[in-house]
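Notes to accompany the following structure.
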Amino acid sequence: MIAIAVAAAAGLAATGTFSGDDGPTAQAAPDGPAATTTVRQMTLTSTETVDGTLGHGEPTAVTDGSAAAPSGQAGQSGDSQAAADGEFVTWVPGEGDMLERGDAVYRVNERKVPLLYGSIPFYRTLEPGSEGTDVRMLERNLAALGYDGFEVNDEYTSATAQAVQEWQDDLNTEQTGTVGPGDAVVASGAQRVTELKTSPGAVAGGEVLTWTGTERIVSMDLDPQHEALVKEGSKATVRLPDGSTVVGEVTDIGTPGNGSAGSGTGAGGESQGADEATLPVQLKIKDQKKLGRYQAASVDVILEADSRRDVLAVPVNALMARPGGGYALEAPVTGGGSEMVPVELGMFANGLVEVKGSGIREGMTVGVPK
C-alpha cells in the first residue's frame, strides 16, 4: 500500500502540481485543490487477511454401545455375540438430519437410543445410591425432557429411578430404573448427521454414524507467524463469497501441525517440511442468520494486526510527494490557492494513513484527486 501511495503522489508531482520550491509552504495551482477531504482523529486498525473454511467442523463418530451391556440387556462381546443374542439395528436417521435432546440417534431391536446433552459419556451403571457429576448430568436431562419428582443433584435416589422408569417406558425399553453404558449417546448439544456407517438390519455394535454440531463455524489453518493475531475470545471479520461480512469469535486454538493440504509424505516417503506446519483455529459465528444459505464455502478471515487510538488520518490519495523527498498535504488557503504542509507518515490501514506534523490538526481541509 505504501508503494501505491508513493507512485500516486509521484505521479502528481510529475504533472506539475508542485512548484520547484521544496519548502514547507510551496504553492500549488492558484485555484486550489479540485476536491477536498478532512483530517480526522480516529482509531486506525491494520489487518491481515487469511483463508478460512465455513462449515460444521470435523465430524465425530457415534459407536453403538450395545456391547457395553446397557441396562436391561445381556452383555455382548462384539458383533458375533450381538447377532447370537438377536441384537440388530432397526432404525437410523437420515444424513443431514438435525438431532436434539431426547431424539433417537438410532434403534436396536426397536429400542430407542436417545441423545442427551453433556460432557460425560455413560461409563458405569447408575442406580439408587450412585453419586457423581454423571448423575447430575442425567437428572438435568430428565428435567429438561419434562420428567419430574426428583431433585437435580449428584445423588441418584429412588425418585430418580422412578423418573428413569417413566423415561424408559417412552423409549420402548425395559423399565429397570437404572441407566448404563449404551443406554444413551451424550454430546455437547444438538447434532447434524453427516454420514451413516450402518443400516437397518445390520448386526448391532460398531460405528453407527458421524455427526457435527448444528451451528456453522469457520476453520483456519493459520501460518504460525500470525499466531499473535488470535487469542480465545478475540473477534475477526469473516467475508463471505457474496462480499457480505459477519463477525466471528475465536473459540478454539489448537497446536501447530501439518495442515490437511500439506500433510502426508512425498514421493520419496519423507514427510513434508516443518515450514508447512499450521495452527488450527476455529471461529464461532453468533449471528448464524447472517451466513445466509451457505453451508460450506471458502471465506476470507480479516484479523486485526495492529491498532492505534486517537491518531490523525487522511485517505492515502491525499498524500503528495515533495520534490525534495517526503510527503505533504495540500491545504487550501484563504483567498484562493493552496499550500503544501509537510507530514510524517505513520500506520497505513484500509486506504487511510496516519499523518503527523506541526501544521496538521483535526478537521483541517486538505486536497484529494477529483
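The values are calculated or read from the model by the stated rules, or taken from the named source; none is laboratory data. Keep in mind that what you see is a predicted model, and the values were worked out from it rather than measured. Here the Cβ positions follow ideal geometry from the backbone for every residue, glycine too, while neighbour counts run over all protein chains shown. Ligands, DNA and RNA are excluded from the accessible area calculation, which covers all protein heavy atoms including side chains. Shrake-Rupley method; radii C 1.70, N 1.55, O 1.52, S 1.80 Å.
Within straight-line reach of LYS286, meaning a Cα separation under 22 Å, sit the following lysines at least 8 residues removed in sequence or on another chain: LYS231, LYS235. Peptides 288-300, 159-171 ranked from most to least packed give 159-171, 288-300, packing being the mean of other C-beta atoms within 10 angstrom over each peptide's residues.
With the alpha-carbon atoms of segment 150-217 aligned to their principal axes, the span from lowest to highest coordinate is 39, 35, 18 Å, starting with the largest. Listed by chain and number, the lysines placed with their C-alpha closer than 19 angstrom to that of LYS112 are LYS197; residues fewer than eight positions away on the same chain are left out.
In whole percent, how big is the carbon plus sulfur part of the accessible area of segment 78-173, probe 1.4 Å, protein atoms only?
Working: 1940 of 4630 Å².
Ligands and nucleic acids excluded, carbon and sulfur give 42 percent.
Summing Lys and Arg as +1 and Asp and Glu as -1 over all other residues whose Cβ lies under 9 Å from the Cβ of ALA61 gives a net charge of 0. Computed with the Debye formula from one identical point scatterer per Cα of segment 273-370, without solvent, the log10 of I(q)/I(0) at q = 0.14, 0.18 Å⁻¹ comes to -0.72, -0.89.
Phi-derived couplings, Karplus 6.51 cos²θ - 1.76 cosθ + 1.60 at θ = phi - 60°, listed residue by residue for segment 335-349: x, x, x, 7, 10, 8, 9, x, 9, 9, 9, x, 7, 9, 6 Hz, with x used for Gly and Pro.
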